[in-house]
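J.: Provided herewith is a single structure, encoded as structure tokens, for subsequent inquiry.
Values quoted throughout were computed directly from the atomic coordinates according to the rules given, and no laboratory measurement underlies them. Computed from a predicted model, the values in this text were never measured in an experiment. Note that each Cβ is placed from the backbone with ideal geometry, even for glycine, and that neighbours are counted across all protein chains shown.
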Amino acid sequence: MTPKHLIIDGYNVLGAMGFPPHRVVDQGQHHREEFIVRIGLYGHKLHSQVTLVFDAWQQTGTGRQVTHRAGVTVIYTGQGEQADQVIQDLIRTHGKEAAVVSSDLEVIAVAKSFGAFSIRSQEFMRRLTPAGSQGTSVSRSRGDGLQKDKDVDEGPVSSREKKGNPRKLPKKLRQRNRIMKKF
């Protein structure tokens, strides 16, 4: 099932892009606007509604601001309100129809408990960036992982025989991969 609503923790994903939070908050209007446009194009490609939540709780005298730009609903939290709280409320509202992009463990736990699909910010950025720009680093890391697995497999073999196809991924991973293909 393709998620109908994509909820993104804005500063969390911008941090995964390599922008330190203090720099984005103080002088990052350009980075935020560029990011909103990219997310809008991505949401249009997915045919799903996108909500982008930014922390503004440290700003004095401001309430929650909701704007619609480039096909994205952008929410700036109010004073004393954090983006994680808003995201959790949105997860409770949309339930299984939502997909959440955040690296915060608390948000991921709420998403899991309400049946929403969750993606970590780093994984989402790999999907969002063009394949050519990060393809070499991914292939190198996969090669290193394979070498480590060979060293581990040289240990003693368990006396208990396992059943099933050893090349087949576990059911949970197959389900996750099926959903990720749609992203």
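J.: Is region 5-126 best put as rounded, prolate or oblate by its Cα gyration tensor, with a ≥ b ≥ c the root eigenvalues, rounded for a/c under 1.5, and otherwise prolate when a/b is larger than b/c, oblate when not?
T.: Working: a/c = 1.41, a/b = 1.20, b/c = 1.18.
Rounded shape, in that the Cα axes give a/c under 1.5.
J.: Taking the dipole about the Cα centre of region 5-126, with the C-beta of Lys and Arg at +1 and of Asp and Glu at -1, give me whichever of 102, 46, 13 is farthest to the positive side.
T.: So the residue we want is 46.
J.: Hey, fewest Cβ within 10 Å first, where do 176, 160 land in order?
T.: On the way: 176 15, 160 5.
By the 10 Å Cβ count, ascending, the order reads 160, 176.
J.: Based only on other Cβ atoms within 10 Å, what is the fewest-to-most ordering of 5, 47? Don't skip to the end; give the middle numbers.
T.: Numbers: 5 20, 47 9.
Sorted ascending by nearby Cβ count, the order is 47, 5.
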